[in-house]
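Down below is the structure, laid out as structure tokens.
The values are calculated or read from the model by the stated rules, or taken from the named source; none is laboratory data. These numbers were taken from a predicted model, which means no experiment stands behind them. Neighbour counts are summed over all protein chains in view; Cβ atoms, including those assigned to glycine, are modelled from backbone coordinates with ideal geometry. These area figures cover heavy atoms from the full protein model, side chains too; ligands, DNA and RNA do not enter into them. Shrake-Rupley method; radii C 1.70, N 1.55, O 1.52, S 1.80 Å.
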Amino acid sequence: MSSQKMWAGRTAGATSRMADDFNSSIHIDARMYREDIRGSMAHAAMLAEQGILTAEDADTIIEALEGILRDIDSGVLTIDPEAEDIHMFVEATLTERIGDAGKKLHTARSRNDQVAVDTRMYARERIKEIKEKIVELLEALLFVAEAHKTSILPGYTHLQRAQPVTFGHHLLAYAQMFMRDYDRLTDAAVRMNVSPLGACALAGTTYPISRAATAAALGFDGYAQNSMDAVSDRDFCVELLSACSLIMMHLSRLSEEIILWSSWEFAFVELDDAYTTGSSIMPQKKNSDMAELVRGKTGRVYGDLMGTLTMLKGLPLAYNKDMQEDKESLFDGIDTVLRCLEIMAPMVRTMKVKTDNMYAAAQRGFINATDLADYLTKRGVSFRTAYKLVGEIVSYCIREGYVLDTLPLEDYKTYSELFAPDLYEEISLEACVEKRISDGSTGFASVDAQIDTLKKYINDKKGLQK
Ligand code: ARG
């Protein structure tokens, strides 16, 4: 790094090597080179349009910027790891290549609005990628849910067997969560898509710039209305990281279930070998490492969110160097969520579902007790009385080694004369599911409706992506 800094106005002495290293963010923000160059091109074009730069200078600048972009893309030009940040690197390279004209680019601009515009442009592109990955996961969930829309397993509350549900219904619950996550990203992208460019250092500029022109050229829906807000807020990072945290939380819960289901104790699913590992010592092991890692990485993304919120909380307006820390967290959150979504989709799609084990588990846990109570209520008993009677029947069964389906009718009759032979049919697992007719329930009709909605949602989103 040259000791003569582009920003060395007031200072005469050189910064120490250690300070240069400490101050540098190039290892983090280098990845925004495309956004930085595009932003500069739009800025230069606008300066010429407004008569602030000559058309000739602007053309020279824009052409050279195109060359720099091409050269970085192709690997001809490597980003100097000694540079202070990507903005300085691009500007220095430009000046190296075209001399004095390059020095005019930074007219009516500051790194403060420059970094804000780059980060917004970068984040909005990555949001599109996250959304694509969510759709892939939704497709995987749909694939398994449709194949298992009638496969019965116990539904749990408190991790105790509660009521029978279908595996399709269970997976479609996650589909709902990921659809909301998708929509949340769409919302965040809309609020984010406002250009800070032209706010300059903090107060705006004396030049007759057109903020509308740069905003339009860079694909923004408008520009920030207060220059101090434009350069000092990072709520768009917080919002995106918070959306990423919610995605991770949902992925983590799904991972936790996959880990449980893959255990010998549940044995509801078996993951494909491609997404498991063995043990270096225990030959029988098949570990769900990928799901565990997704669960583990959730903490990282929460950390990225918390770090950003905390970094911002005490900052006076406007820009402070603390804010350079925003990108490390933001990029880590985005990268992590993308990798986790990416691995989850094929892992879900390829898992083997052991429907027999699910069904057997559903048969053993009195999960049709509510339906037995409903049997009595439909024959005139109040729900509370029925509830109490069934509770007594369940404890009798546990004492005597029965389940509700095997308890003889004469035993039932000692509790209520209303019990008749049809009770066995009515408390069968299939009947328990089939009779659930409320919208959104695990009943077969509701699951079909949910599958339809999900298919439409996926088609709609894929249409938008094209
Ligand atoms: N690398 C800096 C960042 O990421 C760019 C902005 C620097 N602005 C300044 N006034 N020092 O925040």
Among the residues of region 72-88, write down those that are of a type in the set (A, V, I, L, M, F, W, C) and either within 8 Å of the ligand (Cβ to nearest atom) or surrounded by 14 or more Cβ atoms within 10 Å (Cβ to Cβ) (or both).
I72, L77, I79, A83, I86, M88
Give me the helices (runs of 4 or more DSSP H) completely within region 355-466, filtered to those with at least 3 residues that are over 37 Å from the mean Cα position of the chain (by Cα), ordered by residue number.
369-377, 383-400, 409-415, 423-426
What tally of residues in region 193-212 results from selecting those that are part of a loop (DSSP other than H, G, I, E, B), away from the ligand (no atom under 16 Å from the Cβ) and of a type in the set (A, V, I, L, M)?
1
Region 8-70: helices (runs of 4 or more DSSP H) wholly inside it with 2 or more residues that are of a type outside the set (F, W, Y), under 17 Å from E91 (Cβ atoms) and away from the ligand (no atom under 16 Å from the Cβ) are 33-49
If N357 passes every condition in (1) more than 16 Å from the ligand (Cβ to nearest atom); (2) touching a helix residue (DSSP H, G or I) at 6+ places or on another chain (Cβ under 8 Å); (3) open to solvent by 40 Å² or more (accessible area, probe 1.4 Å); (4) over 16 Å from I247 (Cα atoms) but one, which one does it miss?
(2)
Failed criterion for T107 (all others in (1) surrounded by fewer than 19 Cβ atoms within 10 Å (Cβ to Cβ); (2) polar (S, T, N, Q); (3) over 29 Å from L317 (Cβ atoms) hold):
(3)
Top-ranked residue of region 106-132 - restricted to ones that are outside any helix (DSSP H, G or I) and on the phi < 0 side of the Ramachandran plot, ranked as nearest to the ligand (Cβ to nearest atom)
S110
For K103, state whether it is more than 32 Å from the chain's Cα centre (by Cα), away from the ligand (no atom under 12 Å from the Cβ) and of a type in the set (K, R).
yes
Report yes if some residue within region 320-328 is of a type outside the set (D, E, K, R), farther than 28 Å from E139 by Cα and buried (at least 16 other Cβ atoms within 10 Å of the Cβ); otherwise report no.
yes
Counting only residues in region 89-100 that are among the hydrophobic types (A, V, I, L, M, F, W, C) and farther than 30 Å from L185 by Cβ, the one nearest to the ligand (Cβ to nearest atom) is identified as F89
What's the total number of residues in region 116-149 that are within 23 Å of K321 (Cβ to Cβ) and open to solvent by less than 10 Å² (accessible area, probe 1.4 Å)?
6
Hey, does region 321-332 have a residue that's within 16 Å of the ligand (Cβ to nearest atom), among the aliphatic types (A, V, I, L, M), under 30 Å from E239 (Cα atoms) and at pLDDT 95 or above?
yes
Just for region 250-282: of the residues that are assigned to a helix (DSSP H, G or I) and surrounded by fewer than 12 Cβ atoms within 10 Å (Cβ to Cβ), which one is nearest to the chain's Cα centre (by Cα)?
A274
Output yes when any residue across region 290-313 is in contact with a helix residue (DSSP H, G or I) (Cβ under 6 Å, 6 or more places away or on another chain), open to solvent by less than 60 Å² (accessible area, probe 1.4 Å), of a type in the set (D, E, K, R) and not in a loop (DSSP other than H, G, I, E, B), and no when none is.
yes
With respect to L240, is the statement that it is in contact with a Lys or Arg (Cβ under 9 Å, 6 or more places away or on another chain), in a helix (DSSP H, G or I), touching a residue at least 40 places away in the same chain (Cβ under 8 Å) and at negative phi true?
yes
Find all pairs meeting these conditions: Cβ atoms under 9 angstrom apart; at least six residues apart or on different chains; first residue within region 268-287 and over 25 Å from I152 (Cβ atoms); second residue open to solvent by less than 60 Å² (accessible area, probe 1.4 Å) and acidic (D, E).
Y275/D289; T276/D289; T277/D289
When you scan region 360-393, how many residues do you find that are farther than 14 Å from I152 by Cα and either open to solvent by 50 Å² or more (accessible area, probe 1.4 Å) or out of contact with any helix residue (DSSP H, G or I) (no Cβ under 6 Å at 6 or more places or on another chain) (or both)?
14
